[in-house]
Structures are given as C-alpha cells and as structure tokens.
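Colleague: Sending over a structure as structure tokens; questions will come in a sec.
The values are calculated or read from the model by the stated rules, or taken from the named source; none is laboratory data. Predicted model, so just to flag it, every value in this text is computed and none were measured. Note: ideal-geometry Cβ built from the backbone for every residue, glycine included; neighbour counts use all protein chains shown.
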Amino acid sequence: MFRKITDKISVAPQITLEDVASAKADGVTLIINNRPDGEDPSAPQSADIEAAAGAAGIDFVAIPITHSGFSAPQVDAMIAALDGTEGKTLAYCRSGTRSTLLWSLAQAKQGVAPDEIARLAGNAGYDITPVRAIVDALASDN
C-alpha cells in the first residue's frame, strides 16, 4: 500500500489507524497528511491519525491540499517537514497523487532536476504531468 518514491519518502492512499503501526514497522518517523478533513467523513480524520502517530512515537504534520490546487506556503511547509526529519516519511491523501505532486514541487524548488523528479514519481506509479510546468519553472529558479 505504501509506494516508495525514494529511500526517504513513500506515499499512500488514505491510511487507517492500523496502517500507522505498519508505518512504524517500516521505519517511518514522520507522517504527512495532505488530505483535508471532511473530504471523506467515513475516513479517519487528521486528529485520529495524529493521535495514533503520537502513540506510536511518529511525528505528524498536516498540510491539507484541496482540489483547488497547490500554493507556495504548502510547498514551503512540505520542504520544512521533510527537512525536519532524519528518518523515513509517509505522506498520504485520497490516492497518493496530491502527496506525490506536492513532493515534486518541493523537490523542484530545492533544485532537483525535473526529469529525475518525474522518473522517481513514475517509478512509484504517479504521473507529475499536472504540475510539470510548475516543476520546470521552480527548478529553473535554482
């Protein structure tokens, strides 16, 4: 269920409380929630996952991405979260796509080559085409 992008980050569709234990067993030290509360009222909400993560000794950050798109503060928050952890990170949303696209934007802003970002995301089964122009623009600023 967890799709590895790099040795440091994996993404996933909506996780359950039980998945937090699996993440811990996989060496995850940070969970990032990219799904807004209420998007699926039957799914565990941010506070539920945060409590389970805390009980498991895993850090938790919420950077919700709505279907309206991405913003510079969200990209900066993703960079800060990823820079602030030494271990593995698991980011999740409904399908893993928003998490992957936000990761892609953060990597580009830090100067990673767009083709490398696309390759890594593609290896995990995700296509960055919806944000590729922004990835290219962010990478060219570095």
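Colleague: Could you pull out the residue among V75, V131 that is closer than 16 Å to I9 by Cα and hydrophobic (A, V, I, L, M, F, W, C)? Reasoning before the result, please.
Modeller: On the way: V131 fails: closer than 16 Å to I9 by Cα.
Every option except V75 fails the conditions.
Colleague: Still on this model: Taking the stretch 71-101 as the search range and keeping residues that are β-branched (V, I, T), in contact with a Leu (Cβ under 7 Å, 6 or more places away or on another chain) and modelled with pLDDT of 95 or more, which one is surrounded by the fewest Cβ atoms within 10 Å (Cβ to Cβ)? Walk me through how you get there before you give the answer.
Modeller: Of the stretch 71-101, the ones β-branched (V, I, T) are 75, 79, 85, 89, 97, 100.
Going one step further and asking which of them are in contact with a Leu (Cβ under 7 Å, 6 or more places away or on another chain), we end up with 75, 85, 89.
Subset that is modelled with pLDDT of 95 or more: 75, 89.
On the way: V75: 22, T89: 26.
Out of the qualifying residues, it is V75.
Colleague: Are there any pairs with C-beta distances below 8 angstrom linking a residue in the stretch 49-74 that is at positive phi to a residue that is at pLDDT 95 or above, with the two at least 6 apart or on different chains, and if so which?
Modeller: G57/K24
Colleague: Under 9 Å between Cβ atoms, at least 6 apart or on separate chains: pull out the pairs that start in the stretch 1-27 with a residue that is free of Cβ contacts under 8 Å to residues at least 12 places away in the same chain and end on any residue that is assigned to a helix (DSSP H, G or I).
Modeller: E18/A52
Colleague: On to the next question. Using beta carbons and a limit of 7 Å, which pairs, at least six apart or on different chains, have the first residue in the stretch 76-95 and aromatic (F, W, Y) and the second one assigned to a loop (DSSP other than H, G, I, E, B)?
Modeller: Within 7 Å, the pairs are Y92/P13; Y92/Q14; Y92/I15; Y92/N34; Y92/R35.
Colleague: While we're looking at this one, here's another question. Given the residues S68, S104, which is the only one that is out of contact with any Gly (no Cβ under 9 Å at 6 or more places or on another chain), at pLDDT 95 or above and farther than 19 Å from I15 by Cα?
Modeller: On the way: S68 fails: at pLDDT 95 or above.
Answer to the selection: S104.
Colleague: Something else now. Filter the stretch 122-140 down to residues that are part of a helix (DSSP H, G or I) and not hydrophobic (A, V, I, L, M, F, W, C) and give me whichever is surrounded by the most Cβ atoms within 10 Å (Cβ to Cβ).
Modeller: Filtering the stretch 122-140 down to residues part of a helix (DSSP H, G or I) leaves 122-123, 129-140.
From the residues that got through so far, the ones that are not hydrophobic (A, V, I, L, M, F, W, C) too are 122-123, 129-130, 132, 136, 140.
Details: G122: 13, N123: 12, T129: 11, P130: 14, R132: 16, D136: 14, S140: 10.
The extreme case among them is R132.
Colleague: Hey, does the stretch 95-105 have a residue that's hydroxyl-bearing (S, T, Y), out of contact with any strand residue (DSSP E or B) (no Cβ under 9 Å at 6 or more places or on another chain) and in a helix (DSSP H, G or I)?
Modeller: Yes, because at least one residue in the stretch 95-105 is hydroxyl-bearing (S, T, Y), out of contact with any strand residue (DSSP E or B) (no Cβ under 9 Å at 6 or more places or on another chain) and in a helix (DSSP H, G or I).
Colleague: While we're looking at this one, here's another question. Six or more apart or on different chains, Cβ atoms under 6 Å: show the pairs whose first residue is in the stretch 112-138 and free of Cβ contacts under 8 Å to residues at least 40 places away in the same chain and over 20 Å from S68 (Cβ atoms) and whose second is of a type in the set (S, T, N, Q) and buried (at least 20 other Cβ atoms within 10 Å of the Cβ).
Modeller: I117/S104; I117/Q107
Colleague: Does A47 satisfy being farther than 14 Å from S99 by Cβ, exposed (fewer than 14 other Cβ atoms within 10 Å of the Cβ), of a type outside the set (D, E, K, R) and at pLDDT 95 or above?
Modeller: Values: farther than 14 Å from S99 by Cβ: yes; exposed (fewer than 14 other Cβ atoms within 10 Å of the Cβ): yes; of a type outside the set (D, E, K, R): yes; at pLDDT 95 or above: yes.
The answer is yes for A47.
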